[in-house]
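What follows is a set of notes on a single structure, which appears directly below.
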Amino acid sequence: MTTDPLEALRMPIVPVDPRPVFAAALLRQLEGTLRPVVHAVPTVRYFVNDVASAVEFYTRHLGFEVELGPTPAFAMLYQGELRLLLNLPVGAHVLPDGTAPEPGGWNRILLQVPDLTAAIGALRMQGLHFLSDIVESVGTRQILLEDPSGNPIELFEATQGYHERTRTSELRRDT
């Protein structure tokens, strides 16, 4: 029996333990019995320097839950109905001319908190870094928190004058 000379170079197969509902849907899709359904899920992609430290940050400090991963280059997290994709700026994200996205910038997710002052105090006690002081505007008080890769997260508290659209799911329940 001959041994494949490339066997030593192959990556090991690592078992993945996805959520049962996700795994069942993936299996149906692979078998061709499930057609993809498009449903609106608010999604944000952040490019990060280190996926593992970003996952730790978002799950430990901001209450996100891991849906998939993490792998060295990708993780999918959820907080309520918000899906957060964390990626290294590699592979398909690099443009043909070699330009790669970078972490940071001014785009950001906004997370509403019931008590901004208390949230800031708790996060500061954990040694987290803020990019600004509290800013007050019409309908909100807000502050910018920084993740380990330099991406800003806006924490805000609704104040008098804040407007939020009624969710479609809430309208359906009322009828």
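We did not get these values from a lab; they are worked out from the coordinates using the rules stated. These figures come from a predicted structure and were not determined experimentally. Quick reminder, even Gly has a Cβ in these numbers, built from the backbone with ideal geometry, and neighbours come from all protein chains shown.
Put a plus charge on the Cβ of each Lys and Arg, a minus charge on the Cβ of each Asp and Glu, and nothing anywhere else: the dipole of region 40-174 about its Cα centre is then about 260 debye. Computed from the C-beta positions of L82 and D4, the FRET efficiency with R₀ = 35 Å rounds to 0.20. Each Lys or Arg adds one and each Asp or Glu subtracts one; over the other residues with Cβ under 10 Å from the Cβ of P152, this totals -2. Per-residue 3J(HN,Hα) values for region 77-85, derived from phi via the Karplus relation 6.51 cos²θ - 1.76 cosθ + 1.60 with θ = phi - 60°, read 10, 10, 9, x, 8, 8, 9, 10, 9 Hz in sequence order (x marks Gly and Pro). Label points 7 Å out from Cα along the Cβ direction at A24 and H163: separation in nm? Simple spin-label model gives 4.2 nm for this pair. Of the GluC sites (Glu not before Pro) found in region 55-153, those in coil by DSSP whose Cβ has at most 16 other Cβ atoms within 10 Å are E81. The local environment of S137, defined by Cβ-Cβ distances under 12 Å, has a net charge of -2 under the rule Lys, Arg +1 and Asp, Glu -1. Remark: spin-label model distance D115-I134 equals 1.2 nm, labels positioned 7 Å along the Cα→Cβ axis.
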